[in-house]
1. Note down all Cβ pairs under 7 Å where the first residue falls in the stretch 98-126 and is among the hydroxyl-bearing types (Ser, Thr, Tyr), the second is within 13 Å of ligand 2 (Cβ to nearest atom) and outside any helix (DSSP H, G or I), and they're at least six residues apart or on different chains.
2. Evaluate the stretch 209-224: report whether one residue or more is small (Gly, Ala, Ser) and free of Cβ contacts under 8 Å to residues at least 60 places away in the same chain.
3. Would you tally the residues in the stretch 174-200 being away from ligand 1 (no atom under 16 Å from the Cβ), surrounded by 19 or more Cβ atoms within 10 Å (Cβ to Cβ) and either acidic (Asp, Glu) or within 30 Å of the chain's Cα centre (by Cα) (or both)?
4. Select, from ASN156, ASN206, the only residue that is away from ligand 2 (no atom under 15 Å from the Cβ), at pLDDT 95 or above, of a type in the set (S, T, N, Q) and surrounded by 15 or more Cβ atoms within 10 Å (Cβ to Cβ).
5. State all residues of the stretch 141-163 that are within 11 Å of ligand 1 (Cβ to nearest atom) and assigned to a loop (DSSP other than H, G, I, E, B); if no residue qualifies, say none.
6. With without any contact (Cβ under 8 Å) to a residue 24 or more places away in the chain, farther than 27 Å from ILE273 by Cβ and either in a helix (DSSP H, G or I) or more than 16 Å from ligand 1 (Cβ to nearest atom) (or both) as the only criterion, which of ASN231, ASN203, ASN238 stands out?
7. Considering the stretch 114-140 alone, what residues qualify as being near ligand 1 (Cβ under 10 Å from one of its atoms) and under 15 Å from SER102 (Cβ atoms)?
8. Kindly provide the set of residues from the stretch 96-131 that are under 18 Å from the mean Cα position of the chain (by Cα) and of a type in the set (Lys, Arg), ordered by number.
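The values are calculated or read from the model by the stated rules, or taken from the named source; none is laboratory data. Since this is a predicted model, take the numbers as computed values, not measurements. All Cβ positions, even for glycine, are placed from backbone atoms using ideal geometry, and neighbour counts span all protein chains on display.
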Amino acid sequence: MGFGDFLANRMKKSLEKKAKSATLNEDNIREVLREIRLALLEADVNIDVVKELIKNIEKKAIGTGIIDGVRADQQLIKIVHEELTDILGKTKKDLNISSRPSVIMMVGLQGAGKTTTCGKLAHLINKKDKKKMLMVGLDIYRPGAIDQLVELGTKNNIDVFEKGKQDPVKTAKQALDYAEKNNYDVVVLDTAGRLQINKELMNELNDIRKAVSPQEIILTVDGMTGQDIINVANEFNNLLKLTGVIVTKLDGDTRGGATLSISYITKLPIKYIGEGEGIGALAEFYPKRMADRILGMGDIDTLFEKATENLDQRTMEKTMRRMLSGQFDLEDLRNQLRQMSKMGNVSGLIKMMPGLAGKISDQKLDEAQQKLWVAEILMSSMTLKERREPRLLKSITRKKRILVGSGRSEKEFNELINQFEKGKKQALEFTKQLKQGRMPNFGGGMF
Ligand SMILES: Nc1nc2c(ncn2[C@@H]2O[C@H](COP(=O)(O)OP(=O)(O)OP(=O)(O)O)[C@@H](O)[C@H]2O)c(=O)[nH]1
Ligand SMILES: [Mg+2]
């Protein structure tokens, strides 16, 4: 169960059960709130945060009364959504990296993910803002720590500054000089971690801070840790005046309670979340989207972003132009399916669609994924001419050749052709509606 799913399932169930009718009264609102409270506590959200959230929702839901004419369940979900968004920090907070060079200092406990996140952050800022990035190795205590950073840099084309076991304060200063002379835009400091907060480390971090005055001091926290992370965050913040938090490892079996709690209690913005070990697995943190996800409403904005990021724009435009002029063949279908699989697997996509999340069983998702693979295999056994002129596929010899070449059954072949015909109709209907300036109706979909 991924991040958010846990809360999503619990909350949705309690909301759906109680709030279906348009006649929400004070009693059943309170009951829904009790269940939300339980779900949050089970997800390891801090008790003070839960109390505050429930109090605010209650005040809004019962205090203002439910407006007639608008469905009560929708109003309640809206209120829960607003309050969750508030608690998660209201709006997205950008990094302050406008000065040249800007310094981002990464701090946190051992194993929280500082070094990995340094790499991800440098990669992301370079990609997104086209900034020249320099990572600096300041962990002189853990054997292999500097090598880890150097390796990360080499593998991903990010420059690394390090002076071996030299005093980290001195290295930090030299790194800044080096960055100025060599036109780096942003310097990311990878500092040492400890198993627990200790004075020596905190003093060293404070000395580094004073020496280079970072624009950003970011606490990296492991999303899988429990409540004590809040004390850790407070201590780091008191001494270092943090500017933000990055929560890592939200890809695993994490319930994410720490995320909800830290931002509220320390008033520090969560700036990014880590969702995997790879260099690209860092996402900007949008409180609203996180609230969407937690409530299981689907994460349309993220889906859209992912889509625009990965889609091959030109192929899309071409297909669209063809569809608008009434054409749609197997080659178009193949392009579309390929674009889709670039965005991830079927179940990942479905989770982000509002209304569909949780409604389709894993088995159905597997079947859909399987169909996509079969379709791809079959279509790659066809010639371009056959894909462009699907009527050629009526020929028995062509069909036989494709079946032998792909190793798929006749049944699968026929199914693909049938679904293509159906999809073609839908695609053309879709563009017809678009051309008439109407909002297209999504009728089921092909797979
Ligand atoms: N699944 C997952 N693993 C992560 C994520 N971020 C970091 N890790 C893993 O967590 C482990 C520790 O990461 P590091 O970046 O070395 O942590 P650190 O804070 O630098 O640790 P020290 O240098 O020992 O203080 C590594 O195995 C990383 O691959 C994440 O977002 N998701
Ligand atoms: Mg490290």
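1. What qualifies is THR115/ASP190; THR117/MET106; THR117/THR220; THR117/THR248.
2. Yes - at least one qualifying residue is present in the stretch 209-224.
3. Adding up the residues that qualify gives 4.
4. One residue alone meets the criteria, ASN156.
5. Those that are within 11 Å of ligand 1 (Cβ to nearest atom) and assigned to a loop (DSSP other than H, G, I, E, B): TYR141, ARG142, PRO143, GLY144.
6. ASN203
7. Across the stretch 114-140, the qualifying residue is only CYS118.
8. Selection gives LYS120, LYS127, LYS128.
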